[in-house]
Amino acid sequence: NAGVIQTPRHKVTGKGQEATLWCEPISGHSAVFWYRQTIVQGLEFLTYFRNQAPIDDSGMPKERFSAQMPNQSHSTLKIQSTQPQDSAVYLCASSQAGNTEVFFGKGTRLTVV
Amino acid sequence: GDSVTQTEGQVALSEEDFLTIHCNYSASGYPALFWYVQYPGEGPQFLFRASRDKEKGSSRGFEATYDKGTTSFHLRKASVQESDSAVYYCALGEVGYKLTFGTGTSLLVDP
């Protein structure tokens with residue numbers, strides 16, 4: 001069990017460019033979450049999928065952020081027209097249905113210059 | 001909305017000291033309460049949870065008791081080790097659903 005795999009681990013983009021972050025949840029886990037971590041805001045919930053269906057995207061900035069889960073083995077978080085304030089560590093997590101324990105990946109550190 | 005308050009931003013202790021990290025919450029419902037630990041370069045790791053009043057959660061020598069009366073879930077450990085140095089997060093939420101995290105407490109233990 002390799003855990004939740006996130007790629008790339010680090011990404012640098014220029015202001016205005018697009019960034020796509022990838023997540024491979026633990027096999028058999030039906031719930032997938034995306035969180036953002038910054039020094040100022042801490043850990044913030046972004047969005048949640050269950051059995052690949054979007055359930056709650058209440059934490060997503062509406063205009064430039066989108067998340068998809070095209071199959072049970074991966075999810076993507078796309079940020080269009082990146083801005084310096086998007087710089088953060090983006091964390092993907094997964095869990096079995098109804099299970100207490102949520103497993104986090106190591107995160108992708110996004111730096112917008 | 002729901003929120004979690006951790007009053008200590010940083011805690012510095014020596015090995016074998018007693019640890020307390022305070023966590024208070026505000027929620028409209030009856031949430032589950034969690035403690036997570038994060039090491040450098042890693043994502044948060046689940047430590048334990050409690051789901052009802054007076055329930056105690058514990059793991060690796062750490063423990064906390066759900067107290068609905070004082071809306072608290074304080075983390076305690078009787079004797080810390082250098083390897084316990086990490087950032088600790090209190091969180092609330094529904095089991096298997098999104099979590100609301102506190103701001104985290106950085107614990108540094110001197111050998």
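Amide H to amide H, which residues 5 or more places from A:Lys106 or on other chains are under 5 Å from it, using H placed in the peptide plane?
Amide H neighbours of A:Lys106: A:Gln6, B:Gly43.
Per residue, how big is the convex hull of the range B:32-111 when only Cα atoms are used? Give it in Å³. Walk me through the intermediate numbers first.
Working: hull volume 7.7 nm³, N = 80.
It is 97 Å³ per residue.
Test of the criteria: in the range A:12-75, which trypsin sites (Lys or Arg not before Pro) are in a DSSP loop and have at most 10 other Cβ atoms within 10 angstrom of their Cβ? Don't jump to the answer; show the numbers that get you there.
On the way: sites: A:Lys15, A:Arg36, A:Arg50, A:Lys62, A:Arg64; in loops: A:Lys15, A:Lys62, A:Arg64.
Of the trypsin sites (Lys or Arg not before Pro), the ones in loops of the range A:12-75 whose Cβ has at most 10 other Cβ atoms within 10 Å are A:Lys62.
Would you give the gap between the C-alpha center of the range B:29-72 and the C-alpha center of the range A:81-99, rounded to a whole Å?
Centre-to-centre (Cα) distance: 22 Å.
Quick one: pull the percent of accessible area on the protein assembly as shown belonging to carbon and sulfur, 1.4 Å probe, ligands and nucleic acids left out.
After summing per-atom areas, the C and S share lands at 46 percent.
Considering the convex hull of the alpha carbon atoms of the range A:23-88, report its projected area averaged over all viewing directions, in nm², one decimal.
Values: hull surface 18.2 nm².
Result: 4.6 nm².
Provide, for the protein assembly as shown, the number of lysine pairs with alpha carbons under 15 Å apart, each pair being eight or more places apart or on different chains.
Number of lysine pairs found: 7.
Just by accessible area at a 1.4 angstrom probe, what is the order of B:Phe18, B:Phe48 from largest to smallest? Could you put the intermediate results ahead of the total?
Working: B:Phe18 115, B:Phe48 5 Å².
Reading off the accessible areas and sorting them downward yields B:Phe18, B:Phe48.
Kirkwood hydrodynamic radius, computed over distinct alpha-carbon pairs, for the protein assembly as shown: how many Å, to one decimal? Numbers along the way, then the final one.
Details: mean 1/r = 0.0554 Å⁻¹.
Kirkwood hydrodynamic radius for the protein assembly as shown: 18.1 Å.
Kindly list the residues of the range A:4-20 that lie in the label zone of A:Lys78, defined by a backbone N under 12 Å from the point 7 Å along the Cα-to-C-beta vector.
So the set is A:18-20.
Please check which bits of the range A:71-113 a label hung off A:Ile39 would reach, taking the label as a point 7 Å along Cα-to-C-beta and the cut-off as backbone N under 19 Å.
Counting only backbone N, you get A:83-91, A:108-113.
DSSP loop trypsin sites (Lys or Arg not before Pro) in the range B:19-86 with at most 10 other Cβ atoms within 10 Å of their Cβ, which ones?
Working: sites: B:Arg49, B:Arg52, B:Lys54, B:Lys56, B:Arg60, B:Lys68, B:Arg76, B:Lys77; in loops: B:Arg52, B:Lys54, B:Arg60, B:Lys68.
When the trypsin sites (Lys or Arg not before Pro) of the range B:19-86 are filtered for loop state and at most 10 Cβ neighbours within 10 Å, B:Arg52, B:Lys54 remain.
Tabulate in residue order the Karplus-calculated ³J(HN,Hα) for the range A:69-77, using 6.51 cos²θ - 1.76 cosθ + 1.60 with θ = phi - 60°, rounded to whole Hz; enter x for Gly and Pro.
9, x, 8, 6, 9, 7, 9, 10, 10
Quick one: work out Rg over Rh on the C-alpha atoms of chain A, Rh as Kirkwood radius.
Numbers: Rg = 13.2 Å, Rh = 13.9 Å.
Here the Rg-to-Rh quotient is 0.95.
If you take the accessible area of B alone plus A alone and subtract the pair, what total do you get in square angstrom, rounded to 100, with a 1.4 Å probe?
1600
Starting from the Cα of B:Arg76, step 7 Å along the direction of its Cβ; do the same at B:Ser28; then give the gap between the two resulting points in nm.
3.3
So with the 1.4 Å probe, I'd like the accessible area per residue for the protein assembly as shown, rounded to whole Å².
Working: 10750 Å² over 224 residues.
Per residue, the protein assembly as shown has 48 Å² of solvent-accessible surface.
Evaluate the distance, in nm, between pseudo-label points positioned 7 Å from the Cα of A:Ala2 and of A:Asn51 along their respective Cα→Cβ axes.
About 2.8 nm, to one decimal.
Would you jot down the residues in the range B:44-89 that end up with at least 50 Å² less accessible area in the complete protein assembly than in the chain alone, with a 1.4 Å probe?
Checking the loss per residue gives B:Pro44, B:Phe46.
With label points built 7 Å along Cα→Cβ from the Cα atoms of B:Leu108 and A:Ser27, find their separation and express it in nm.
4.3
The values are calculated or read from the model by the stated rules, or taken from the named source; none is laboratory data. Source: prediction; values computed, not measured. Neighbour counts run over all protein chains shown; Cβ positions are idealised from the backbone, glycine included. Note: accessible area is taken over every heavy atom of the protein model, side chains too, but ligands, DNA and RNA are not part of it. Shrake-Rupley method; radii C 1.70, N 1.55, O 1.52, S 1.80 Å.
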